[in-house]
Amino acid sequence: MMFQIQNDLSGSTMNCAGAIDLSTQLFQSPYVNNRMRMLYASAQGCNVGIQLYPLLNSFQNLNFTSPDAIFKALVQLFPSRTALDSKLQSTWLMQDALQATLNDGTVVGAADQILINAYNTGSDLSRDHTNDANSFLVFTAMAGVGTSLNRYGYLPTDDPASLAYAPTQTGVLPWTAPGVVPSWSNQAGVLGDTSHAACSLVSSLYNMFDAISAVSGFTSGAVKSAFALIGVLQVPMDFAGNTQCTADGFTAPECQNAAARLRYRDACFESNVNASKAAASYTAGVIQAIIGPGGWQ
């Protein structure tokens, strides 16, 4: 079966659907291992359109010198439309699989566990993931951000390229449905997002930062320079998230814990209600930074 999955993912005409079907069966079985997790992530990546060498070539020719430029670059690299594809959902499933691709002997503490299914327990700590998983997670998380902004930053009839990848739905994040614009990002808006996409967007953003930090020592040239520029974006995101979290009445340790846990895409919807609300407040602050002055314009 693994040979068939690899075959589906090779050649000029890739069978993404077939690879996803077969890899899902193994991913959800007691026979799963790190090799299978990477294949499952690759199959979902096929659906997103992630092809490493063309992606790296495009990546090196984009501008990452400001927050606006970074978000526009990710929107350009990872197009998506709600009614037409399942790309965003694939980026979530890819991150799940890569966060469960752990170094040999890793014991994940209860507070850091991501329970994906009966046979895959992931970690929200990048140091627990293999180097291969973190390398793949860089672009997987970028895709999570890019597809999210494509999905919810535009009306279905908008053409991002002709708009120079600037959003037309300013203020739409967080959302309850595409095209519905709340007055501003807030904890209630995040918690009321039944798709969980608002929290997942911020999770992708922070997984991107962590994965870049984890692999930066293995990169060079234009890629290393681009990664460094993207990494700088974390400072204003942290500030905005912490500001909103503390403004909503949470203590500094609670906000720090929320920030750390947001590497898990469902951190806003866990059983610990107080922790979930703190994560939602932090998420709301980060989204304000994404769409606010100095963000994605």
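The values are calculated or read from the model by the stated rules, or taken from the named source; none is laboratory data. Bear in mind the structure is a predicted one, so any value in this text is a computation, not a measurement. Ideal geometry is used to build each Cβ from the backbone, glycine not excepted, and the neighbour counts take in all protein chains shown.
Residue check, Gln234 against (1) surrounded by fewer than 20 Cβ atoms within 10 Å (Cβ to Cβ); (2) farther than 27 Å from Ala100 by Cβ, all met but one. Which one?
Failed condition: (2).
Quick check on Thr194: is it out of contact with any helix residue (DSSP H, G or I) (no Cβ under 8 Å at 6 or more places or on another chain), assigned by TED's automatic domain parsing to the domain that holds Thr147 and closer than 25 Å to Leu155 by Cβ? Steps first, answer last, please.
Working: out of contact with any helix residue (DSSP H, G or I) (no Cβ under 8 Å at 6 or more places or on another chain): yes; assigned by TED's automatic domain parsing to the domain that holds Thr147: yes; closer than 25 Å to Leu155 by Cβ: yes.
Considered against the rule, which asks whether it is out of contact with any helix residue (DSSP H, G or I) (no Cβ under 8 Å at 6 or more places or on another chain), assigned by TED's automatic domain parsing to the domain that holds Thr147 and closer than 25 Å to Leu155 by Cβ, Thr194 comes out as yes.
Would you be able to tell me the number of residues in segment 119-136 that are hydrophobic (A, V, I, L, M, F, W, C) and farther than 24 Å from Asn47 by Cβ?
Of segment 119-136, the ones hydrophobic (A, V, I, L, M, F, W, C) are 125, 133, 136.
Adding the requirement that they be farther than 24 Å from Asn47 by Cβ leaves 125.
Within segment 119-136, residues that are hydrophobic (A, V, I, L, M, F, W, C) and farther than 24 Å from Asn47 by Cβ number 1.
Can you go through Ser203, Ser225, Ser220 and tell me which one is buried (at least 20 other Cβ atoms within 10 Å of the Cβ) and in the same structural domain as Phe139 (by TED's automatic domain parsing)? Show your work before the answer.
Working: Ser225 fails: buried (at least 20 other Cβ atoms within 10 Å of the Cβ); Ser220 fails: buried (at least 20 other Cβ atoms within 10 Å of the Cβ).
Of the residues listed, the single one that is buried (at least 20 other Cβ atoms within 10 Å of the Cβ) and in the same structural domain as Phe139 (by TED's automatic domain parsing) is Ser203.
Filter segment 253-281 down to the residues that are among the hydroxyl-bearing types (Ser, Thr, Tyr), in a helix (DSSP H, G or I) and over 11 Å from Asn242 (Cα atoms) and list them by number.
First, the residues of segment 253-281 that are among the hydroxyl-bearing types (Ser, Thr, Tyr): 264, 271, 276, 281.
Then drop every residue that is not in a helix (DSSP H, G or I), which leaves 276, 281.
Within segment 253-281, Ser276 is the sole residue that qualifies.
Which condition number does Phe239 fail, the rest of (1) among the aromatic types (Phe, Trp, Tyr); (2) surrounded by fewer than 17 Cβ atoms within 10 Å (Cβ to Cβ); (3) not assigned by TED's automatic domain parsing to the domain that holds Pro160 being met?
Among (1) among the aromatic types (Phe, Trp, Tyr); (2) surrounded by fewer than 17 Cβ atoms within 10 Å (Cβ to Cβ); (3) not assigned by TED's automatic domain parsing to the domain that holds Pro160, the lone unmet condition for Phe239 is (3).
Here's the yes/no breakdown for (1) assigned to a helix (DSSP H, G or I); (2) exposed (fewer than 13 other Cβ atoms within 10 Å of the Cβ); (3) outside the structural domain of Thr140 (by TED's automatic domain parsing):
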{"site": "Phe3", "(1), (2), (3)": "yes, yes, yes"}
{"site": "Asn7", "(1), (2), (3)": "yes, no, yes"}
{"site": "Thr13", "(1), (2), (3)": "no, yes, yes"}
{"site": "Ala17", "(1), (2), (3)": "yes, yes, yes"}
{"site": "Ser23", "(1), (2), (3)": "yes, no, yes"}
{"site": "Leu26", "(1), (2), (3)": "yes, no, yes"}
{"site": "Arg35", "(1), (2), (3)": "yes, yes, yes"}
{"site": "Tyr40", "(1), (2), (3)": "yes, no, yes"}
{"site": "Tyr53", "(1), (2), (3)": "yes, yes, yes"}
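Which condition from (1) in contact (Cβ under 8 Å) with a residue 40 or more places away in the chain; (2) over 24 Å from Asn242 (Cα atoms) is the one that Asp104 breaks?
The one condition Asp104 does not meet is (1).
List the pairs whose first member sits in segment 226-238 and is under 12 Å from Leu205 (Cα atoms), whose second member is aromatic (Phe, Trp, Tyr), and whose Cβ atoms are under 6 Å apart, counting only residues at least 6 apart or on separate chains?
Between residues of segment 226-238 that are under 12 Å from Leu205 (Cα atoms) and residues that are aromatic (Phe, Trp, Tyr), the close pairs are Ile230/Phe64; Gln234/Phe209.
Filter segment 245-297 down to the residues that are over 21 Å from Gln169 (Cβ atoms) and among the β-branched types (Val, Ile, Thr), then identify the one that is surrounded by the fewest Cβ atoms within 10 Å (Cβ to Cβ).
The qualifying residue surrounded by the fewest Cβ atoms within 10 Å (Cβ to Cβ) is Val273.
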